[in-house]
Every structure is written in C-alpha cells, then in structure tokens.
Amino acid sequence: MAEIQKGLEGIVALETKIAYIDGIKGILEYRGININEIMKLSYDEVVYLLLHSKLPTESDRTKFINRLRDERVIDEGTINIVRVCNFNIEAMDALRTAVSHLSHCDPDLNDNSLEANLRKGTELVAQFPTIVAAFWRIRNMEEPIPPDKTLSHGANFLYMLRGTKPTALEAKCMESDFILSAEHELNASTFSVRTTASTLSDMHSAIISGLGTLKGVLHGGARLAVLEMLDEIEEPEKAENHVLNLISNKKRVMGFGHRVYKTFDPRGIIFKQITKEIAEDTGDLRWFSIAENIEATVLREFVEKRNKPIYPNVDFYAGVLYKYLKIPPLLSTAVFAIGRISGWVAHCIEQFADNRLIRPRARYAGEHDLPIRFL
Ligand SMILES: CC(C)(COP(=O)(O)OP(=O)(O)OC[C@H]1O[C@@H](n2cnc3c(N)ncnc32)[C@H](O)[C@@H]1OP(=O)(O)O)[C@@H](O)C(=O)NCCC(=O)NCCS
C-alpha cells in the first residue's frame, strides 16, 4: 500500500478548471484570472464566472444580476426554521439547518442535471446572506429586514443586518470580502463538498457537508478565533507579548500559516489593504495596529528566527476587517460561507460533470483475528 500522507498533504486528487494556486509564488487565479484583476469585478460577476466558467455578455450579466437579486427573498417557512434555532449557537449552525430545510422544499432536490444545479446553486448564493441576517435580527428580538434589490450583494447584506444602508466604503469592503472568500481550489470544505457530490448525493447535501467542514477553527472558524484574539489583546502595545506567550505555550496564532501558501497569501495582502483603508476612514486605528503588531511579531519569530513559512492567511485581516464592519463574532464563519458558497456550487457542478466516487484508503493499524469477548 502507498505511503500515508497525513492530512493528504501534497496529494493531487483531481483536475479542476476553477482555481489555480501557486503556494510558493503566492498566486491565486479564479478561472485563469489573477485575484488582483478579479477584484475589479462585483461579487455577482464573480459568481457568474465561477458557475458559468466565463464572464457574461452584457445582456447575460444584467439578467443574472437581476435573477440573483430576485432570489434573495426567503420564504416564511425558512424564516420560521431560523426562529426555532437556539440563539447561543453560531449563525453557521443555523445556516446549516436552514439549507437542510430549503432542500426539502426544492422540487429538483435529487435532480443533478446541470440545469437544475445551476438553478439551485444560484438560489443558494442569493439566499445565504438573507438567512444569516435573519438569524441575527431574530436573535436580537427584531424582525428580519427584507432584501433591497437596488443594493449590491455586500451592501444588501449589511443593510439586512443593521436596518440602515452602509457607507459606500463599507459596501465595497463587504463585497471584497465575499470575492476574496469565494473560491480556493481543493481546501477542506470544498473537498467535503466534492466528496458528497461524488456519491451522487444532491447539491444541498454537498453544501451542508461544506458548511460543517468550514466551521472548524483550522479552516473558516479561524476568523472567529482572530476576533476573539483581538478582543483579548485590546491594545496594540500588548500584541507582541500575547504572541510570544502563545509561542512559548506551543499554541497556534490564529489566522497564520497555510497548507499551500509558503509565502504571503495574496488574498491576505488585499484584505490588509482594504482593512487599512476602512481603519483610516473611521479614524480608529486600534484594531489595525494590534493586527500589524501581531503580524510583525509572527514574521520575526517564525520566518526570520525559525525559518518557518508562517505568514498571515486569508482569515487574519478578514477578522480585523469584520471588527471595522461590526460583524458580530457569532456571524463571522457564516459570513465566510456567504462568500464561499459560489465556489462550492462551481465545484459541485464540475464534480457531477466528470464524476468518479472519491474514496481513498486507510492503512489498518489494529489487531487481527480476535475472539469475541464481552468486557
Ligand atoms: C492552516 C493550518 C491548519 C495548516 O496546517 P498544516 O499544513 O497541517 O501545518 P501543520 O499543522 O503541520 O504545521 C506545520 C508547523 O507549523 C506550525 N504552525 C502552523 N501554523 C501555525 C500557527 N498559526 N501558529 C503557530 N505555529 C503554526 C506547527 O506548529 C508546525 O510546527 P512543527 O513542525 O514544529 O510541529 C495551520 O497553519 C494552522 O493551524 N493555522 C492556524 C489556523 C488558521 O488560521 N486556519 C485558517 C487557514 S486558512
């Protein structure tokens, strides 16, 4: 049997045309377009690119955007499902439950044709923000705010959360977050999505697998951990000691390190720029300064002193950005999912188009031929 690669590190499990990563040079492309160029698009356009493999014509663009905006509304049944959630949970857990409920209502639940999956996927992309915002409003004894079709995906989410329209800069930052979170090749949650799809299960089930996997602190849950770390540190002067304590206690610094990137994560670089922009705009540099001090200490301690490639990843400055956007920590992983759903849908579609069951092997390390003995 082949040698074990713990955590499947370095294993190439399949071919994809959705995203390209060069972890040594720090390059990321969506459908062949560099992430720095991708940032010129709206989230809606990125969704089209991921789902349809190309950018839309002008008329397809308008149709698609209108469609996404029309589909934002969620039915009363789904809102009622959110109402009966336990509100000490993260929004992520409520989102997983709501997607399960949505699947019951879908007339094409078990139809895995391209047409059905494009429809189901487009609707899920449109509805994720509405579900997450409804969770937050209901949790705070407020009524959910219906979506506003005139607003971008990012602006509308903040509007449904707060009840007031965000500033242009806040809306741009939220859009950027969704775009930067949209897709990242065969990360853990996307692998889960594709594994579920590969059994010829249905798209909703595959997305639920992705949600469960994204929640973990070593994956999307790192944004919540970053927010908690910022709160714990409180002041920029305390950041260095905080990091040194983590290192001496052999604990991980959340938002740092990556399985694939052994240099700066290109998404992290963009997140840092936009976070700086909003920090300067608010005139409150506290969270950004804490973050810069954490980053400087991690780079000095790991990269310079120990020659270990531990750089800020996508979740570090995303967490800092959420501070400035006043995204409640309980929502942080679900907000990541609002962006990532488009990548998951694209991978589901790609998996169904050329499917083979994903089923690796494990090397048995137990005993053999034991007698039955009740203890
Ligand atoms: C993302 C992550 C899980 C990748 O893990 P991986 O590729 O399996 O790497 P490993 O867990 O084997 O770590 C390799 C080494 O780097 C160290 N390391 C990795 N990330 C670290 C971090 N954030 N802080 C401190 N040390 C870290 C490990 O302790 C290990 O050291 P060792 O070789 O002396 O034992 C890991 O970097 C991590 O836990 N990061 C923090 C959580 C996070 O931000 N997740 C979001 C990822 S986008």
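Here are some notes:
- Residues located in region 357-375, provided they are within 11 Å of ALA197 (Cβ to Cβ) and loosely packed, with under 10 Cβ neighbours inside 10 Å: LEU357
- Any hit, region 93-100, residues being among the hydroxyl-bearing types (Ser, Thr, Tyr), under 19 Å from GLY220 (Cβ atoms) and in contact with a Cys (Cβ under 8 Å, 6 or more places away or on another chain): yes
- For the criterion of being within 14 Å of the ligand (Cβ to nearest atom), open to solvent by less than 50 Å² (accessible area, probe 1.4 Å), in contact (Cβ under 8 Å) with a residue 60 or more places away in the chain and aliphatic (A, V, I, L, M), ALA346 fails.
- Just so you know, in region 224-260 the residues that are assigned to a loop (DSSP other than H, G, I, E, B) and away from the ligand (no atom under 11 Å from the Cβ) include one that is farthest from the chain's Cα centre (by Cα), and it is GLU235.
- Among the residues making up region 306-332, a single one is under 20 Å from GLY216 (Cβ atoms), surrounded by fewer than 21 Cβ atoms within 10 Å (Cβ to Cβ) and within 15 Å of the ligand (Cβ to nearest atom): ILE310.
- Residue in region 209-220 that is more than 30 Å from THR282 (Cβ to Cβ), more than 11 Å from the ligand (Cβ to nearest atom), touching a Gly at 6+ places or on another chain (Cβ under 8 Å) and assigned to a helix (DSSP H, G or I) present: no
- Region 40-67 residues that are in contact (Cβ under 8 Å) with a residue 60 or more places away in the chain and surrounded by 15 or more Cβ atoms within 10 Å (Cβ to Cβ), paired with ones that are among the small types (Gly, Ala, Ser) and not in a helix (DSSP H, G or I) (beta carbon under 8 Å, 6 or more apart): SER42/SER152; TYR43/SER152; TYR43/ALA182; ASP44/SER152; VAL46/ALA182; VAL47/ALA182; LEU50/ALA182
- Condition check for ALA155: in a helix (DSSP H, G or I), surrounded by 22 or more Cβ atoms within 10 Å (Cβ to Cβ) and modelled with pLDDT of 95 or more: no
- The C-beta contact set for region 308-322 (first residue over 12 Å from GLY26 (Cα atoms), second residue more than 6 Å from the ligand (Cβ to nearest atom) and of a type in the set (Ser, Thr, Tyr), distance under 6 angstrom, 6+ apart or interchain) comprises TYR317/THR275; VAL320/THR275; LEU321/THR275; TYR322/SER332.
- Hey, GLU228 at pLDDT 95 or above, among the acidic types (Asp, Glu) and closer than 22 Å to THR97 by Cα or not: no
The values are calculated or read from the model by the stated rules, or taken from the named source; none is laboratory data. Bear in mind that the values here come from a model prediction, so they are computed numbers and not experimental data. Neighbour counts are summed over all protein chains in view; Cβ atoms, including those assigned to glycine, are modelled from backbone coordinates with ideal geometry. Quick note on the areas: whole protein, heavy atoms, side chains included, nothing else; ligands and nucleic acids left out. Shrake-Rupley method; radii C 1.70, N 1.55, O 1.52, S 1.80 Å.
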